[in-house]
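**Q** Next up is a structure, given as structure tokens.
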Amino acid sequence: MRQPFKLAIGMALLAMMNGIAGCATAGTAFTLTSPALEDGGRLPADLKCTRDGGEGLSPPLEWTGLPAGTKSLALIMHHYPRGTVEGRDVPSQYWLLWNIPADTQAIPKGNPASIGDEGSDKDGNFTGYTPPCSPGAAVHEYTITLYALDAAPDTLPDHDSIAVDWAAMITAIEGTVIDKSSLTFRN
């Protein structure tokens, strides 16, 4: 009678340990996804610029696996135009977003609640999101990167600001990035 009891206890302990190990490893990777965009895929028609028949709204984004110690999130969407090189040239910025609360897990399409603070658009005329509008038959690659930060960027304002461009954003988050996750698409 004792043998089956010990076996049952042993099996229960093993199952419990597997469950704990599964919880510890599952979700540990910081991952940015979108219900509307497939990583490496094409931009859906409704997310294109209005000139191309789309709504011109920012894509819905979701993330999991937020690293421990995250105090704030920042997001950058960019594209390197033809003739520019990553690491050498400044890319075109399409969305600069900071002061995203650490408990945020998603940004809906169009960011209707205005989560976070926004920097300059692509052309430096307004703040906020610039929808991709690739000329003619050209296909461009765009990257959205979400940064988990150990502190809010203290050199950026706590409001939308046209003065915040790519360089200001990168400088502001430098040294505070715990982890990052990117999603790339084509248009």
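**Q** What angle do you read, to the nearest 10 degrees and between 0 and 90, between the alpha-carbon axis of helix 2-25 and the longest principal axis of the chain?
**A** 10 degrees
**Q** What's the FRET efficiency of Thr171 with Asp46 using the Cβ-Cβ distance as r and R₀ = 25 Å, to the nearest 0.05?
**A** Between Thr171 and Asp46 the formula returns 0.15.
**Q** Could you pull out every residue, at least 5 positions away or on a different chain, whose amide H is within less than 5 Å of the one on Gly41? Hs are placed 1.01 Å off N in the peptide plane, and Pro or chain starts have none.
**A** HN-HN under 5 Å from Gly41: Arg186.
**Q** Based on the alpha carbons, how large is the Rg to Rh ratio for segment 126-187 when Rh follows Kirkwood?
**A** Rounded to two decimals, Rg over Rh is 1.03.
**Q** On to the next question. Over all alpha-carbon pairs of segment 76-187, lay out the pair-distance distribution in 10 Å bins, whole %, shortest bin first.
**A** 13, 47, 34, 6, 0
**Q** To continue, here is another question. From a point 7 Å beyond the Cα of Ser182 in the direction of its Cβ, which residues of segment 82-121 have a backbone N at a distance under 16 Å?
**A** Counting backbone N atoms under 16 Å from the label point, the list is 82, 84-96.
**Q** Assign unit charges at the C-beta atoms only (+1 for Lys and Arg, -1 for Asp and Glu), then state the dipole size of segment 37-111 relative to its Cα centre in Debye, rounded to the nearest 20.
**A** With Lys and Arg at +1 and Asp and Glu at -1, about 200 debye.
**Q** With θ taken as phi - 60° and the coefficients 6.51, -1.76 and 1.60, list the Karplus ³J(HN,Hα) couplings across segment 144-154 in order, rounded to whole Hz; mark glycine and proline as x.
**A** Ordered by residue, 3J(HN,Hα) equals 10, 10, 9, 10, 8, 10, 8, 7, 5, x, 6 Hz.
**Q** Can you list residues whose amide H is under 5 Å from Ser72's amide H, if they're 5+ apart or on another chain and H is modeled 1.01 Å from N?
**A** Answer set, sorted by chain and number: Leu149, Ala151.
**Q** Sticking with this structure for a sec: Quick one: Karplus J couplings for segment 175-187, per residue in order, coefficients 6.51, -1.76, 1.60, θ = phi - 60°, nearest Hz, x for Gly and Pro?
**A** Per residue, the Karplus-derived 3J(HN,Hα) values read x, 10, 6, 7, 7, 8, 9, 10, 9, 10, 9, 10, 9 Hz.
**Q** Across segment 42-59, in residue order, what do the Karplus-derived ³J(HN,Hα) couplings come to in whole Hz, using 6.51 cos²θ - 1.76 cosθ + 1.60 with θ = phi - 60° and x for Gly and Pro?
**A** 8, 5, x, 4, 6, 9, 6, 5, 4, 4, 9, x, x, 8, x, 9, 5, x
**Q** Something else about it: Return the long-range amide H neighbours of Asp179 (sequence gap of 5 or more, or a different chain), with a cut-off of under 5 Å between placed amide H atoms.
**A** Ala148
**Q** Still on this model: When the scattering of the chain is computed by the Debye formula from its Cα atoms alone, each counted once and equally, what is log10 I(q)/I(0) at q = 0.09 Å⁻¹?
**A** Per q value, in the given order, log10 I(q)/I(0) is -0.39.
**Q** Quick one: which of 80-86, 34-40, 58-64 comes out on top by average Cβ neighbours within 10 Å, and what's the full order, highest first?
**A** Final packing ranking: 58-64, 34-40, 80-86.
**Q** In whole Å, largest first, what are the principal axis extents of the Cα atoms in segment 55-120?
**A** Principal extents (largest minus smallest coordinate, Cα): 39, 33, 19 Å.
Bear in mind that the values in this text are calculations on the coordinates, not laboratory data. Computed from a predicted model, the values in this text were never measured in an experiment. Because the Cβ atoms are built from the backbone with ideal geometry, glycine has one as well, and the counts that use them run over all protein chains shown.
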